[in-house]
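Taking it in order: structure first as structure tokens, then the write-up.
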Amino acid sequence: MNEMMLLELDGWTALVRSPDVRTPTGIFLLLHGYTGNEKSMTVFTRNLPASAWIIQPRGPYPTSEGGYKWIDSPHGLIASFAEFQKAIEKLNLALGSWKSKLGLPEMPLDVIGFSQGAVAAMVFTITFPALVRRAACLSGFIPDDTLLFVQDRPLEGKPIFMAHGTEDTTVPFHRAQKAETILNSLGAEVTFCTAAVGHRISAGCYRRYTNYFRQASDPGLLSLNK
């Protein structure tokens with residue numbers, strides 16, 4: 001069984017799962033939603049390749065409701081791209097420290113986020129496209145002002161999986177539709193799964209999600225889900 005460890009470094013906390021092979025196939029970075037913590041995304045790791053490292057960081061800011069968040073802002077659904085980008089730049093520095101502490105060589109990185117973590121995952125991918133192989137936006141959105149901060153098509157050919165419930169009242173479905181439009185305009189290759197559920201991922205979309213990522217070393221499997 002893969003080893004789980006709690007890593008505390010430079011003021012950050014992360015739950016880390018080591019691979020079951022000597023030559024890992026990549027790293028999965030999973031970002032939790034508002035009021036979540038380093039354990040919240042474990043449900044999304046169950047069918048990810050055992051040959052990859054999995055890093056689940058805790059958001060840096062506590063919320064008044066308990067748990068943690070990624071931006072120190074009360075704006076929530078109307079937060080600016082710049083607010084998320086500031087947090088993401090700090091997260092990327094932390095990721096470098098974690099990789100150094102664990103002795104990890106350069107390898108492919110996949111970024112997955114749920115709800116506010118999905119926003120963070122998308123901003124991470126847009127800000128550091130050369131670092132990310134593919135990404136997933138689960139029940140999330142992209143800040144409305146994103147295109148004011150981004151030039152050209154930094155996500156050209158980048159595979160991105162989206163899943164969203166059409167009955168979501170936390171992050172309304174139209175926000176996901178707008179996110180898909182923004183991602184397409186930035187050049188991403190989007191696979192979008194929808195279902196008549198609320199602020200969660202349906203069983204069908206979860207199966208598509210796991211199929212999408214189950215062989216991180218084989219991009220050819222992406223064609224199964226399009």
With label points set 7 Å from each Cα along the Cα-to-Cβ direction at Asn184 and Asp20, the distance between them in nm comes to 4.0
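Considering only DSSP beta bridges whose two residues both sit in the chain, what percent are antiparallel, to the nearest 5? Let's see the in-between values first.
Numbers: 13 of 38 bridges.
In the chain, approximately 35 percent of DSSP beta bridges are antiparallel ones.
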Of Ala121, Ala79, Ala176, the most mobile residue in a GNM of the chain (C-alpha springs, cutoff 10 Å) is Ala79
Once phi for every residue in region 52-67 is put through the Karplus expression 6.51 cos²θ - 1.76 cosθ + 1.60 (θ = phi - 60°), the whole-Hz ³J(HN,Hα) values, with Gly and Pro written as x, are 10, 6, 10, 10, 10, x, 8, x, x, 10, x, 9, 5, 8, x, x
For Thr166, Thr23, Thr146, the accessible-area ranking with a 1.4 Å probe, largest leading, is Thr23, Thr166, Thr146
For region 149-160, in residue order, the Karplus 3J(HN,Hα) values (coefficients 6.51, -1.76, 1.60; θ = phi - 60°; whole Hz; Gly and Pro = x) are 10, 10, 10, 6, 10, x, 9, 3, x, 6, x, 9
Carbon and sulfur atoms account, in whole percent of the 1.4 Å probe accessible area of region 90-141, for 60
CD proxy, 222 nm, the chain: helix-only mean residue ellipticity via -39,500 (n - 2.57) per DSSP H run with n ≥ 4, per residue, nearest 500, stands at -8500 deg cm²/dmol
Per its Cα gyration tensor (rounded if a/c is under 1.5, else prolate when a/b beats b/c, else oblate), the chain is best filed as rounded
Taking r as the C-beta separation of Asn2 and Arg133 and R0 as 25 Å, the FRET efficiency to the nearest 0.05 is 0.75
For His199, the residues 5 or more places away or on another chain with a placed amide H closer than 5 Å to its own amide H are Thr169, Thr170
Under the 7 Å Cα-to-Cβ spin-label approximation, Ile78 and Glu167 lie apart by a distance in nanometres of 2.9
Checked against the positive end of the charge dipole of the chain (+1 on Cβ of Lys and Arg, -1 on Cβ of Asp and Glu, about the Cα centre), the farthest of Ser100, Gly198, Phe44 is Phe44
Residue by residue through region 30-46, the couplings from Karplus 6.51 cos²θ - 1.76 cosθ + 1.60 with θ = phi - 60°, in Hz, x for Gly and Pro, are 10, 10, 6, x, 4, 6, x, 8, 5, 9, 5, 8, 4, 4, 8, 9, 4
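The values are calculated or read from the model by the stated rules, or taken from the named source; none is laboratory data. In this text, all values refer to a predicted model and were calculated from it rather than measured experimentally. Heads up, the Cβs are rebuilt from the backbone with ideal geometry, glycines too, and the neighbour counts pull from every protein chain shown. Side chains included, ligands, DNA and RNA excluded: accessible areas come from the protein's heavy atoms. Shrake-Rupley method; radii C 1.70, N 1.55, O 1.52, S 1.80 Å.
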